[in-house]
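This report concerns only the one structure given below.
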Amino acid sequence: MSFLAAIRSGFQNYANFNGRASRSAYWWWVLFSAIVQFTVSGYSDTVSLLVSLSLAIPSLALGWRRMH
């Protein structure tokens, strides 16, 4: 799975806790989340909080599907 396909899949299945996620999809998502959160950390606390909250549910869903 490519980087963009993994990110697209993460946002399309943000509330799907059924099924499985591939290893590459999980790690591409982790890399994407880390880059975005590192980039946004220089902005105000409000922007950083909103980005963290917007990535929280997709991260939980993808982690749950990966552990399945």
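Using just the helices of the chain, give the 222 nm mean residue ellipticity in deg cm²/dmol: DSSP H runs with n ≥ 4 each add -39,500 (n - 2.57), and the total is spread over all residues, rounded to 500.
Taking each H run of at least 4 residues, the total per residue is -25000 deg cm²/dmol.
Could you go through the range 12-21 in sequence order and give the Karplus-derived ³J(HN,Hα) for each residue, using 6.51 cos²θ - 1.76 cosθ + 1.60 with θ = phi - 60°, rounded to whole Hz, and x for Gly and Pro?
6, 10, 5, 10, 9, 9, 10, x, 10, 10
For the chain, go through all pairs of different Cα atoms, get the mean of 1/r, take its inverse, and jot down that Kirkwood value in Å.
Final number for the Kirkwood radius of the chain is 12.1 Å.
Going by average Cβ density within 10 Å per residue, which order do the peptides 24-36, 3-15 take, highest to lowest?
24-36, 3-15
Taking a spot 7 Å from the Cα of Q37 along the direction of its beta carbon, which residues of the range 53-68 have an amide N less than 16 Å from it?
Hits in the range 53-68 for Q37 at 16 Å: 53-64.
Taking only Cα atoms, what is the 0 to 90° angle, nearest 10, from helix 45-67's long axis to the longest principal axis of the chain?
Here the helix axis deviates by roughly 10 degrees.
From Cα pairs below 8 angstrom and at least 6 apart in sequence, can you work out the relative contact order of the chain, rounded to a whole percent?
Worked out over the chain, it gives 49 percent.
Could you work out how far helix 23-40 tilts from the main Cα principal axis of the chain, as a 0 to 90 degree angle to the nearest 10?
Between the helix axis and the principal axis of the chain, the angle is about 10 degrees.
Values quoted throughout were computed directly from the atomic coordinates according to the rules given, and no laboratory measurement underlies them. None of these values were measured; they are calculated from a predicted model. Reconstructed Cβ throughout: ideal geometry from the backbone, glycine too, with neighbour counts over all protein chains shown.
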